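What follows is a single structure, written as structure tokens, with notes after it.
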Amino acid sequence: MNLAVFDIDGTLANTNQVDAICYVRALELEFGLTGIDDDWSHYTHSTDPGIMNQVFRQNLGRLPSQAEVAAFQGRFLALLMEERRKNPGQFREVKGAGALLRHLADIPDWIAAFATGGWAVTAKFKLEAAGLPFIGLPFACGDDAVSREDIIRKAVHRARKLTGTEGFDGIVSLGDGVWDIKAAGILKIGFIGVGDQARLLDMGAGLAVPDFQDPEACLALLEQAPNLK
């Protein structure tokens, strides 16, 4: 059996822009922090907890408390919900994403899992808003770990438990950012970039697709994706 591990923002759902806007806005409204860099590639860990930790260290000289994290998550979710009410189109799926997930569910040799740097409460809201199937599938997120590679490890572990397998014949990560490529390289697993193909290939993706409109072609790429090093 093989495992396909999907990032969410920018990979399955076109939510990168609204996510960044709401994240930065929540920092300002909840903690009065302004001028926050929203280029997540500039952060040591481009995950929701990693970004918040770094912002707090740089601006307040400390890490956030659990109460502050919970308050921020609530504010962040409320802003996302408000944006969805105003403009649902900001939460549309990447073309063909839902069809590919359903296609994989019908193939005995493959299982899909989710590994997102976002927190569960906001990540699952975005999946639901985009109309993407995720109930019952292995899911790991920023509540499980700070680094991308550890989040992927957790998703793989949960997929093994769900399927009862000791190990997978192949593991392929799908993502849209340089942090996703780096994580796959650290883990030495396959990788397929999603989005701007030229940019992703230049960053070392190896394989890339603009979207998932052709599920059979995507499946063929999954089967041939080489492990990154």
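The values are calculated or read from the model by the stated rules, or taken from the named source; none is laboratory data. As the structure is a computational prediction, the values presented were derived from the model and not from experiment. Don't worry about glycine lacking a Cβ; one is built from the backbone with ideal geometry, like all the others, and counts go over all protein chains shown. Areas reflect the complete protein model, heavy atoms only, side chains present, ligands, DNA and RNA absent. Shrake-Rupley method; radii C 1.70, N 1.55, O 1.52, S 1.80 Å.
Could you work out which residue, out of 202, 19, 48, moves most in a Gaussian network model of the chain, that is, has the largest mean-square fluctuation with Cα springs under 10 Å?
Its mean-square fluctuation being the largest, the pick is 202.
Once fully extended, how much extra length lies between residue 81 and residue 106, figured as 0.36 nm per residue of separation less the alpha-carbon to alpha-carbon distance?
5.8 nm
How far is helix 48-60 tilted, in degrees, relative to the longest principal axis of the Cα atoms in the chain, given as a value from 0 to 90 rounded to the nearest 10?
Approximately 30 degrees, to the nearest ten.
Give the relative contact order (percent, whole number) for the stretch 96-229; include only Cα pairs under 8 Å separated by 6+ residues.
21 percent
Round to the nearest 10 and give me the degree value, 0 to 90, for the angle of helix 16-31's Cα axis relative to the longest principal axis of the chain.
The angle comes out at about 30 degrees.
Can you tell me the 0 to 90 degree angle between the C-alpha axis of helix 148-163 and the longest principal axis of the chain, rounded to 10?
50 degrees
With a 1.4 Å probe and all protein chains left in place, how much accessible area per residue does the chain have, in Å²? Before the final figure, lay out each step's value.
Numbers: 10420 Å² over 229 residues.
Accessible surface, normalised per residue, equals 45 Å².
Probe radius 1.4 Å, ligands and nucleic acids ignored: give me the carbon and sulfur share of the accessible area of the chain as a rounded percent.
Summing carbon and sulfur atoms, their accessible area is 49 percent of the total for the chain.
Restricting to Cα pairs below 8 Å that are 6+ residues apart, what does the relative contact order work out to for the stretch 1-81? Please round to a whole percent. Walk me through the numbers on the way to the answer.
Details: 45 pairs, mean separation 22.4, N = 81.
Once divided by the residue count of the stretch 1-81, the mean separation gives 28 percent.
Using the Cα centre as the reference, give the magnitude of the dipole from point charges on the C-beta atoms of the chain (Lys, Arg: +1; Asp, Glu: -1; all else neutral), rounded to the nearest 20 debye.
The calculated dipole for the chain is roughly 440 debye.
For residue 169, project a label point 7 Å along Cα to C-beta. Then give me every residue of the stretch 89-113 with its amide nitrogen under 12 Å of that point.
The answer is 108-111.
If you project the alpha carbons of the chain onto their three principal axes, what span does each projection cover, largest first, in Å?
Result for the chain: principal-axis Cα extents of 49, 37, 36 Å.
Which value in nm describes the separation of the simple spin-label points at residue 135 and residue 199, placed 7 Å from the Cα toward the beta carbon?
Going from the residue 135 label point to the residue 199 one covers 3.5 nm.
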